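Scroll down for the structure; my scribbles are underneath it.
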Amino acid sequence: MIALNNSTQARVPQVSLLRPGFIRAKLETFCLRARLQPSHNSSKGKGALAPEVLFSAGPRSHITNREAGLTLVELIITVAILSILATAAVPIARFQARREKERELRRDLWELRAAIDRYKDAADKGAFQVKADSLGYPPDLQTLVDGVDVQGKKVRFLRRIPVDPMTGTNEWGLRSNQDDPDSDSFGGQNVFDVHSKSQGTALDGTKYSTW
């Protein structure tokens, strides 16, 4: 009996349970059976999840949630920074717009006064007839646009009456040479000077009407 057992044992191959190939093959067989085996919710038509899916679902979901949380924090910080920048940009934009209007006002006043001076120079040279009490200054701003006849030719001193950027109209305050320099009333004798009708205050603290 002992000899038979020895011979039988000699014909049986020795299988090591610790070999990597044997363990891998068993795990693959187990995973395959787990995929094919129906789950307890077979009435709903859903199969059982494979073990590797069950083991991997937890960590992946955890990492995704953490990454999503970091993205939300970054989004909140970005929105807050943009809000601060937008709040700071509004006063700067208003300042720039106001300064541009002031530049336009100075340019328009210079253009009107230069046209008045050209009219005065031509009148003093006798290029055309003027009223005695006008002292060579134009009676109104429209005369500068319409022009005067000089030796059979029409001479214009102003292309158009500019729009006051502070009031939005082409109506300007007028002063004659008989009026006080800071007077707001117009005597009507002639147009010696012009000023804005705006009562606003400039960035330098002066009144637009005194420019």
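Laboratory data are not the source of any read-out in this text; all were calculated from the coordinates shown. If you're wondering where the values come from, they're calculated on a predicted model, not measured in any experiment.
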- Task: Work out from phi, with θ = phi - 60° and the Karplus expression 6.51 cos²θ - 1.76 cosθ + 1.60, the ³J(HN,Hα) of each residue of region 73-79, listed in order in whole Hz, and give x for Gly and Pro.
- Result: 5, 4, 4, 5, 5, 4, 5
- Task: Take the alpha carbon atoms of region 175-203, find their center, do the same for region 100-166, and report the distance between the two centers in whole angstrom.
- Result: 16 Å
- Task: Return the subset of K154/K207; K131/K207; K131/K154; K101/K131; K131/K153 for which the Cα-Cα distance in this structure is over 27 Å, preserving the input order.
- Result: K154/K207; K131/K207; K101/K131
